[in-house]
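The structure appears right after this line, and notes come after that.
The values are calculated or read from the model by the stated rules, or taken from the named source; none is laboratory data. Here the structure is a predicted model, which means the values were calculated and not measured. Quick reminder, even Gly has a Cβ in these numbers, built from the backbone with ideal geometry, and neighbours come from all protein chains shown. Just the protein is used for accessible areas: all its heavy atoms, side chains included, with ligands, DNA and RNA removed. Shrake-Rupley method; radii C 1.70, N 1.55, O 1.52, S 1.80 Å.
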Amino acid sequence: QVSAALKEGHVTPTELCQRCLSLIKSTKFLNAYITVAEETALKQAEASEERYKRGQRLGVLDGIPVAVKDNFNTAGIETTCASNMLRGYISPYNATVVQKLLDQGAVLLGKTNLDEFAMGSGSTDGVFGPVRNPWSYSRQYKEKSVPKSHSKDKEPDWVITGGSSGGSAAAVSSFTCFAALGSDTGGSTRNPAAHCGVVGLKPTYGLISRHGLIPLVNSMDVPGILTRCVDDAALMLGSLAGHDPKDSTTIQDKFKPFELPNLTDVSKLSIGIPKEYHAPGLSSEILSLWSKAADLFRNAGAKVVEVSLPHTRYSIVCYHVLCTAEVASNMARFDGLEYGHRSDVNKSTESMYAATRREGFNDVVRGRILSGNYFLLKQNYEKYFIKAQKVRRLIANDFVKVFRSGVDVLLTPTTLSDAAPYMEFIKEDNRTRSAQDDILTQAANMAGLPAITVPTALSERGLPVGLQFIGRSFQEQQLLTVAKWFEKQVQFPVIQLEEVKRHDHGVFQHQKSSSFS
């Protein structure tokens, strides 16, 4: 819609960019952005405007404001990973996905907040503070949640965004940008998308280049896409997918961007419901929603079958071993010598290394490094790392068998419940929370499969709940077509953000439409 408005001259790229920048300022309390590149964004918008005047637009994304998670390298704009280790670091190059967006004329507004080095499921553990869920300030949530205290001095019970791409999800949800990049290692795009009422797509491993994404777990990391509807996710995917000579794990085949058809007949579809996803801790509300979604497909003529993925119950433990092992290896590069933080301790090289890493990393990152190095010790390597790799293969084979049986797409919950209040969320440590919150999402990363979460309904507390679709490898078109049909059926409500006054921050007014008309 907004791309058409730009093309027809109803709005200019500069006006659109200024509107988004103004919204970023007035929603600063959400803490969605770490860096706002106002000057750069306005220059990009002006260049886009010139192209429109000459009739030389670069494509659908020309002039569209986007945001990028702060673990993608951006030339000339600070990349911090929300860590003291990289505070002040400015990359000399752009990540491939960032470059592709810029090449197509997108306007980069800034870098979004996250858990430190993307390790977490709440976007609460970064050095720049937690991200607040825009739905905490929505009319829907305020009407349903009973205030615990009527005192004006008390903070409202705001809820988390999920993580680790919480800043990107909050940015899209609060209308400050039209699309955002996240990263997805165990659910880090889908989890916050579900909690913030937006679409979160994790493409097939190898479909989008990881070059310039600061690695967490190389064998599972995928750049993720956050948008307000499935069509937008397909459009972004078409702009980003394809082979990259700088990333040997990307597919060699040429990727053809696609437009999603309006599916009217679902009778030829087979939807799988994995019984193992009825996980401990799954709220009755989400279980009920999952059943209703299955009925929706059944009543429309689709074949809905219960399937089994027997090794799912081992996947979170297996994921923890593999994740921490690769983290330990990846974090070794941050030693204070070439870039990033460097400690003043200079008794010896060894002591400088130790002090740098102690000062630069938070407890969560250090804990994962310790765990990973333990699993990689000579006496533990076979017992933990090799065994986890074998279990990973069994988990991937479970999916292969299910898809070979004729199932087209799997339908599962994305999260165990709706977003938790911040004060409740931080009662448990990061590792416990991540194990709980990744349980329904990380198996898709282990198997390298595409998955998308679609906002489905509001919970009893007036907060978004999403359901997840998992597709066959490289069958994004089929997956997104099914997701679009589902999105159309459920008619998820638009967030109604009331005017919010908080301390000395500006006023945030709800935008009635995504095109700011």
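Key figures for this structure:
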{"quantity": "Residues of the range 126-135 satisfying the condition of being open to solvent by less than 20 Å² (accessible area, probe 1.4 Å) and among the hydrophobic types (A, V, I, L, M, F, W, C)", "calculated": "Val131, Trp135"}
{"quantity": "Of all residues in the range 21-43 being among the hydrophobic types (A, V, I, L, M, F, W, C), under 26 Å from Glu116 (Cα atoms) and part of a helix (DSSP H, G or I), the one that is nearest to the chain's Cα centre (by Cα)", "calculated": "Leu30"}
{"quantity": "Check on Gly242, open to solvent by 10 Å² or more (accessible area, probe 1.4 Å), more than 24 Å from Ala328 (Cβ to Cβ) and not polar (S, T, N, Q)", "calculated": "no"}
{"quantity": "Residues of the range 30-41 that turn out to be charged (D, E, K, R) and either open to solvent by less than 50 Å² (accessible area, probe 1.4 Å) or under 19 Å from Ala170 (Cα atoms) (or both), as a count", "calculated": "1"}
{"quantity": "Failed criterion for Asp295 (all others in (1) under 25 Å from the mean Cα position of the chain (by Cα); (2) in a helix (DSSP H, G or I) hold)", "calculated": "(1)"}
{"quantity": "In the range 259-287, residue farthest from Ala435 (Cα to Cα) [restricted to those that are open to solvent by less than 50 Å² (accessible area, probe 1.4 Å) and among the polar types (S, T, N, Q)]", "calculated": "Ser270"}
{"quantity": "Residue match in the range 462-475 (condition: under 22 Å from the mean Cα position of the chain (by Cα), at pLDDT 90 or above and assigned to a helix (DSSP H, G or I))", "calculated": "no"}
{"quantity": "Cβ-Cβ under 6 Å pairs, at least 6 apart or on other chains, the range 42-55 side surrounded by 15 or more Cβ atoms within 10 Å (Cβ to Cβ), far side of a type in the set (Asp, Glu)", "calculated": "Ser48/Asp62"}
{"quantity": "Cβ pairs under 6 Å, 6+ apart, first in the range 296-309 and at positive phi, second among the hydrophobic types (A, V, I, L, M, F, W, C)", "calculated": "Gly301/Val266"}
{"quantity": "Qualifying helices (runs of 4 or more DSSP H) (wholly inside the range 327-438; at least 3 residues being among the basic types (Lys, Arg))", "calculated": "387-404"}
{"quantity": "Neighbours by Cβ (under 6 Å, 6+ apart or cross-chain): first from the range 240-258, under 18 Å from Leu102 (Cα atoms); second open to solvent by less than 70 Å² (accessible area, probe 1.4 Å) and modelled with pLDDT under 95", "calculated": "Ala241/Phe255; Gly242/Phe255"}
{"quantity": "Residues of the range 85-105 classified as open to solvent by less than 10 Å² (accessible area, probe 1.4 Å) and either under 18 Å from the mean Cα position of the chain (by Cα) or farther than 18 Å from Ser165 by Cβ (or both), total", "calculated": "7"}
{"quantity": "Tyr381 aromatic (Phe, Trp, Tyr) and buried (at least 16 other Cβ atoms within 10 Å of the Cβ)", "calculated": "no"}
{"quantity": "In the range 305-343, the residues that are surrounded by 16 or more Cβ atoms within 10 Å (Cβ to Cβ), charged (D, E, K, R) and under 21 Å from Glu78 (Cα atoms)", "calculated": "Asp335, Arg342"}
{"quantity": "The range 96-127, residues that are among the charged types (D, E, K, R) and in a loop (DSSP other than H, G, I, E, B)", "calculated": "Asp115, Asp125"}
{"quantity": "Residue count for the range 385-444, restricted to those that are crowded, with 22+ Cβ neighbours inside 10 Å, within 27 Å of Ser329 (Cβ to Cβ) and of a type in the set (S, T, N, Q)", "calculated": "4"}
{"quantity": "Looking only at the range 194-220, and only at residues there that are under 19 Å from Phe469 (Cα atoms) and either open to solvent by 10 Å² or more (accessible area, probe 1.4 Å) or basic (Lys, Arg) (or both), the one that is nearest to the chain's Cα centre (by Cα)", "calculated": "Lys202"}
{"quantity": "Matching residues, the range 56-84, being open to solvent by 10 Å² or more (accessible area, probe 1.4 Å) and of a type in the set (Asp, Glu)", "calculated": "Glu78"}
{"quantity": "Only one of Ser138, Ser123 that is touching a residue at least 40 places away in the same chain (Cβ under 8 Å), under 19 Å from Leu216 (Cβ atoms), buried (at least 24 other Cβ atoms within 10 Å of the Cβ) and not aromatic (Phe, Trp, Tyr)", "calculated": "Ser123"}
{"quantity": "Given (1) closer than 30 Å to Tyr93 by Cα; (2) in contact with a Ser or Thr (Cβ under 9 Å, 6 or more places away or on another chain), index of the condition Pro274 fails", "calculated": "(1)"}
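This table checks each residue for (1) closer than 30 Å to Gly212 by Cα; (2) at pLDDT below 95; (3) not aliphatic (A, V, I, L, M).
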{"residue": "Leu309", "(1), (2), (3)": "no, no, no"}
{"residue": "Cys323", "(1), (2), (3)": "yes, no, yes"}
{"residue": "Asn330", "(1), (2), (3)": "yes, no, yes"}
{"residue": "Tyr339", "(1), (2), (3)": "yes, yes, yes"}
{"residue": "Arg358", "(1), (2), (3)": "yes, no, yes"}
{"residue": "Ile369", "(1), (2), (3)": "yes, no, no"}
{"residue": "Val402", "(1), (2), (3)": "no, no, no"}
